[in-house]
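Novice: Structure incoming, see below.
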Amino acid sequence: MALILAALGLYGVIAYSVVQRTREIGIRTALGATGGDILGMVLRGGLLLTGIGLVIGIGGAIGLAQWLSSLLFNVHGYDPVTLSLVSLVLLLTAVIACLVPARRAVRVNPIIALKAE
């Protein structure tokens, strides 16, 4: 459930960012940016947010696990396999959540985007 909530939240933030940057994307496309350039720009933004969240989350998880291991019997403080797998799943989910708004950004018509405002 938390994974779905995280994916929807990231999708919402990236989709809102694409809508806010429609004019900029239209200008970039009019000046010769390819679909791959636009796709990469949107994906980089989303994955940067995801990377920052993963670093903060892993740090917090390690800190809380150490604290819990001192309070509970037979609970280990650090499991690198679990942290790696969870991080990988979150990263893949973030890529999928960012692809939908990124593909929408690629389809922006520069003429319509520039006339919109």
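Novice: Just checking, how many residues over region 87-112 are over 13 Å from the mean Cα position of the chain (by Cα) and under 15 Å from residue 24 (Cα atoms)?
Specialist: Number of matching residues: 9.
Novice: Here is a follow-up. Could you go through region 94-105 and let me know if any residue there is modelled with pLDDT under 90 and among the β-branched types (Val, Ile, Thr).
Specialist: no
Novice: In addition: Is there a residue being within 27 Å of residue 19 (Cα to Cα) and surrounded by 13 or more Cβ atoms within 10 Å (Cβ to Cβ) anywhere in region 64-86?
Specialist: no
Novice: State whether one or more residues within region 87-100 are over 17 Å from residue 12 (Cα atoms), in contact with a Leu (Cβ under 9 Å, 6 or more places away or on another chain) and either charged (D, E, K, R) or surrounded by 15 or more Cβ atoms within 10 Å (Cβ to Cβ) (or both).
Specialist: Checked region 87-100: at least one residue is over 17 Å from residue 12 (Cα atoms), in contact with a Leu (Cβ under 9 Å, 6 or more places away or on another chain) and either charged (D, E, K, R) or surrounded by 15 or more Cβ atoms within 10 Å (Cβ to Cβ) (or both).
Novice: Residues of region 52-63 being more than 15 Å from residue 13 (Cα to Cα), at pLDDT 90 or above and surrounded by 11 or more Cβ atoms within 10 Å (Cβ to Cβ), which ones? Even if it seems obvious, please write down each step before you answer.
Specialist: Applying the first criterion (more than 15 Å from residue 13 (Cα to Cα)) to region 52-63 yields 54-63.
Checking which are at pLDDT 90 or above leaves us with 54-60.
Once the filter is applied, which keeps residues that are more than 15 Å from residue 13 (Cα to Cα), at pLDDT 90 or above and surrounded by 11 or more Cβ atoms within 10 Å (Cβ to Cβ), region 52-63 yields 54, 55, 57, 58.
Novice: Name the pairs: first residue in region 22-47 and touching a residue at least 24 places away in the same chain (Cβ under 8 Å), second residue surrounded by fewer than 17 Cβ atoms within 10 Å (Cβ to Cβ) and outside any helix (DSSP H, G or I), Cβ to Cβ under 7 Å, at least 6 apart or on different chains?
Specialist: Close Cβ pairs (under 7 Å, with a partner that is surrounded by fewer than 17 Cβ atoms within 10 Å (Cβ to Cβ) and outside any helix (DSSP H, G or I)) amount to 22/116; 23/116; 23/117.
Novice: Let me ask you something else. Does residue 40 count as modelled with pLDDT of 90 or more, within 18 Å of residue 2 (Cα to Cα), small (Gly, Ala, Ser) and in a helix (DSSP H, G or I)? Please lay out each step first, then the result.
Specialist: Details: modelled with pLDDT of 90 or more: yes; within 18 Å of residue 2 (Cα to Cα): no; small (Gly, Ala, Ser): yes; in a helix (DSSP H, G or I): yes.
No: the conditions fail for residue 40.
Novice: Do we have any residue at all in region 23-39 that's closer than 18 Å to residue 94 by Cα, touching a helix residue (DSSP H, G or I) at 6+ places or on another chain (Cβ under 7 Å) and hydrophobic (A, V, I, L, M, F, W, C)?
Specialist: For region 23-39, residues closer than 18 Å to residue 94 by Cα, touching a helix residue (DSSP H, G or I) at 6+ places or on another chain (Cβ under 7 Å) and hydrophobic (A, V, I, L, M, F, W, C): present.
Novice: Could you check region 1-36 and list, in sequence order, the residues that are assigned to a loop (DSSP other than H, G, I, E, B) and of a type in the set (Val, Ile, Thr)? Let's see the steps before the verdict.
Specialist: Of all residues in region 1-36, those assigned to a loop (DSSP other than H, G, I, E, B) come to 1, 21, 31-34.
Of everything in region 1-36, just one residue is assigned to a loop (DSSP other than H, G, I, E, B) and of a type in the set (Val, Ile, Thr), namely 34.
One line per residue, one yes/no per condition, for (1) in contact with a strand residue (DSSP E or B) (Cβ under 6 Å, 6 or more places away or on another chain); (2) among the hydrophobic types (A, V, I, L, M, F, W, C); (3) touching a residue at least 40 places away in the same chain (Cβ under 8 Å):
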site: 62; (1), (2), (3): no, yes, no
site: 65; (1), (2), (3): no, yes, no
site: 70; (1), (2), (3): no, no, no
site: 79; (1), (2), (3): no, no, no
site: 91; (1), (2), (3): no, yes, yes
site: 94; (1), (2), (3): no, yes, yes
site: 103; (1), (2), (3): no, no, yes
site: 108; (1), (2), (3): no, yes, yes
site: 115; (1), (2), (3): no, no, no
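The values are calculated or read from the model by the stated rules, or taken from the named source; none is laboratory data. Nothing here was measured: the structure is a model prediction, and the numbers come from that model. Note: ideal-geometry Cβ built from the backbone for every residue, glycine included; neighbour counts use all protein chains shown.
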